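All remarks here apply to the structure that follows.
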Amino acid sequence: MSLQHRQETDAGPLVPEPFYVEIAEEVRLFEAASQARLPVMIKGPTGCGKTRFVEHMAFRLQRPLITVACHEDLFASDLIGRFLLRNDQTVWTDGPLTTAVRTGAICYLDEIVEARKDTTVVIHPLTDNRRVLHIDKLGESLHAHPNFMLVVSYNPGYQSVLKDLKQSTRQRFVSLEFDYPAPEKESEVVAGESGIDQATAERLVTLAAKIRRIKAHGLAEGAGTRLLIYAAHLIKDGIAPASACRYAICSPLTDDVKLQETMNDLVDDMF
């Protein structure tokens, strides 16, 4: 599809195609998984394009997308639904997962490892040949719409004993591994997303590569492509490149003064 192609949604308004540059064969693999009704797990560092890829694929497949940002206080009822009091009546309200199962949407659980262990268990019957969601409060077993697809993502760099997917969950998914794109691809993404010139995009990508190399020296996470795009937007809107990099790339990554100084030196060398 071209970048100018637009999709009509059930809600009415036209939605532009999310910009995405294919890195390997992830598009074809996702389409094959969708055709086979298989759940997909996407692994990769922060800001490498996991969410944008899912948005792009939802557009490409012309499926509604329901995204849930997982966190430690996410209960099963937050996904499935609950009874609410409305006009002095108790009314059942579907949660995002149930809505996706009923309507044939793609349900994207972002950072699945952040959710409670007892919450992730509810997705198990949806990830095998049963494709069923059990709604205990209604006494109902809801069979998934043929177009329903479950997608989860997480950052392996944040894994720990306490925050990891059980093997019983992990082995239910087709897994796609994402990383930061090759420099020429990443430059294309930065330029395409921000509208900045290619030369500046390439310098930002070179800066990110240098910052990623110091991750082993105490930096918790490397500079994601998302941060490069933020910096590019600031530069395009008239902020000096060095300042844009400090505000959009260096400062968000750490509060450590020495690491900040190291990154600022890299910025000065680059711009």
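Values in this text are rule-based calculations from the coordinates and carry no lab data. Nothing here was measured: the structure is a model prediction, and the numbers come from that model. Cβ sites come from the backbone with ideal geometry, for glycine too, and all protein chains shown count toward neighbours.
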First measure r as the distance between the Cβ atoms of Ala242 and Ala220, then evaluate 1/(1 + (r/R0)^6) with R0 = 22 Å and state the FRET efficiency to the nearest 0.05. 0.40
When Met149, Met41, Met270 are ranked with the fewest other C-beta atoms within 10 Å first, the list becomes Met270, Met41, Met149
Rank Phe75, Phe83, Phe178 by mean-square fluctuation in a GNM of the chain with C-alpha springs under 10 angstrom and give only the top-ranked residue. Phe83
Between Thr67 and Ser175, what is the label-to-label distance in nm when each label sits 7 Å out along the Cα-to-Cβ direction? 2.4 nm
What's the angle, to the nearest 10 degrees (0 to 90), between helix 198-213's Cα axis and the longest principal axis of the chain? 80 degrees
For Arg130 paired with His145, estimate the spin-label separation in nm (one decimal), with each label point 7 Å from Cα along the Cα-to-Cβ line. 2.2 nm
Given a Förster distance of 41 angstrom, what is the FRET efficiency for Asp268 paired with Ser77, based on the Cβ-Cβ distance and rounded to 0.05? 0.20
Cα-based helix-to-principal-axis angle, 225-236 vs the chain, degrees rounded to 10: 60 degrees
Relative contact order [Cα under 8 Å, 6+ residues apart], the chain, whole percent: 19 percent
Charges at C-beta only: +1 for Lys and Arg, -1 for Asp and Glu. How large is the resulting dipole of the chain about its Cα centre, in Debye rounded to 20? 720 debye
Cβ-based exposure ranking for Cys107, Cys250, Cys245, in which fewest neighbours within 10 Å come first: Cys250, Cys107, Cys245
Across the chain, how many lysine pairs separated by 8 or more positions, or lying on different chains, have Cα atoms within less than 28 Å? 26
